[in-house]
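J.: The following block contains the structure, expressed as structure tokens.
The values are calculated or read from the model by the stated rules, or taken from the named source; none is laboratory data. Everything numeric here is computed off the predicted structure, so don't read it as measured data. Every residue, glycine as well, gets a Cβ built from its backbone with ideal geometry; the counts of neighbours run over all protein chains shown. Surface areas here come from the heavy atoms of the whole protein model, side chains and all, with no ligands, DNA or RNA. Shrake-Rupley method; radii C 1.70, N 1.55, O 1.52, S 1.80 Å.
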Amino acid sequence: MELTIQLGACGESRPVSLHVISRSDQGDRDENQDALNHAVSGAWHVCALADGAGGHQGGQVAAQQAVDLFLELFLLQPTVCRVQLLAMVNQVNKHILEMQQLNAGLQDMHTTFCALVVNRDTLQALWLHVGDSRVYRFHQDNLVSRTRDHSMLQWMTDHQPDHSPPARNTLYTALGEQPSELTIDISDVYTVTPGDWFLLCSDGLWEHFSDAELGLIGSSFWNQEGFCTHIHQLALNRATGRADNLSSMVLFVGEGCHSNG
């Protein structure tokens, strides 16, 4: 999937374009429980990705519901207000909890979630996330920031580094948990500049790459449609027949007023 939009008119100084590319692969699993989508409304651009789990089809339902409902809520009231965005995610979580109660086959469903919001007039952006699906922010090949996993491995690394680490994919929070157990991280608002690029991805992708390698690949495939295809193929090759679902969405911030999608 590909979408390019222009930020600013050609007559303005330093017009900026956004180029979005995405891909999702089933890997070697029986079904794909990842979901992702993006939308544009006026000056607003929003990307969302989720990685579900919990019984046959339950994870896929949770992931798709999270992405669809968050985009719906955001497009009704676009904003970079952290309080309002947190309220949207909590509303998504409430919806998933209600679905768990209404359908016995969905009782165990839950999902990670991450999103990126950009305003093309102000160039303001922020991200938010739950679980271990990640948002990376690079400038050219340099990592500026990324989300911190809500996993027991990350928690142990931060708080009890001398203890034996748990399994990498054991999470301590996800959508589908009771509000008291839900942790949502949200970034400060920052300004995007040409040369920035953002990667949203599930753990089935990022587990195969270091941050530095992702930066080098992104700078080598700058603004190219083949970026997601390339990193997915690398990940599938490295998984050697044991690939998880893997999904990615990349947003490149470039100069110029030309669009190719």
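J.: Could you tell me, in Å, what Rg and Dmax come out for the Cα atoms of the chain?
T.: According to the Cα coordinates of the chain, Rg and Dmax are 17.9, 59 Å.
J.: For the range 168-261, report the accessible area per residue in Å² (1.4 Å probe, heavy atoms, rounded to an integer).
T.: Values: 3960 Å² over 94 residues.
Per-residue value: 42 Å².
J.: Accessible area per residue of the range 72-151 at 1.4 Å probe, in Å²? Mind dumping the intermediate values first?
T.: Working: 3530 Å² over 80 residues.
Per residue, the range 72-151 has an accessible area of 44 Å².
J.: May I ask you to derive the relative contact order of the range 21-119, considering only C-alpha pairs under 8 Å and at least 6 residues apart, and to give it as an integer percent? It would help to have the intermediate numbers written out before the result.
T.: Working: 162 pairs, mean separation 33.8, N = 99.
Once divided by the residue count of the range 21-119, the mean separation gives 34 percent.
J.: Could you give the radius of gyration (one decimal) and Dmax (whole number) of the Cα atoms in the range 15-142, in Å?
T.: Rg then Dmax for the range 15-142, in Å: 15.4, 52.
J.: Moving to a separate point now. Below 8 Å, C-alpha to C-alpha, sequence gap of six or more: please give me the relative contact order for the chain in percent.
T.: On the way: 591 pairs, mean separation 73.6, N = 261.
Relative CO of the chain lands at 28 percent.
J.: Also: Determine the distance separating the Cα centre of the range 122-150 from the Cα centre of the range 14-90; give it in Å without decimals.
T.: 14
J.: Using a 1.4 angstrom probe on the protein heavy atoms only, could you order TRP222, TRP197, TRP44 from most to least accessible area?
T.: Numbers: TRP222 80, TRP197 0, TRP44 50 Å².
From most accessible down to least: TRP222, TRP44, TRP197.
J.: Tally up the carbon and sulfur contribution to the accessible surface of the chain as a whole percent, 1.4 Å probe, everything protein left in place.
T.: That fraction is 46 percent.
J.: Cβ neighbours within 10 Å, averaged per peptide: list 125-133, 83-91 in order, most packed at the top. Display every interim value, and only then the final one.
T.: On the way: 125-133: 25.1, 83-91: 15.3.
Most protected by this proxy first, the peptides run 125-133, 83-91.
J.: Under a Cβ-only charge scheme (Lys and Arg +1, Asp and Glu -1), can you give me the dipole magnitude of the chain about the Cα centre, in debye to the nearest 20?
T.: Details: 13 positive and 30 negative charges, 77 e Å.
The calculated dipole for the chain is roughly 360 debye.
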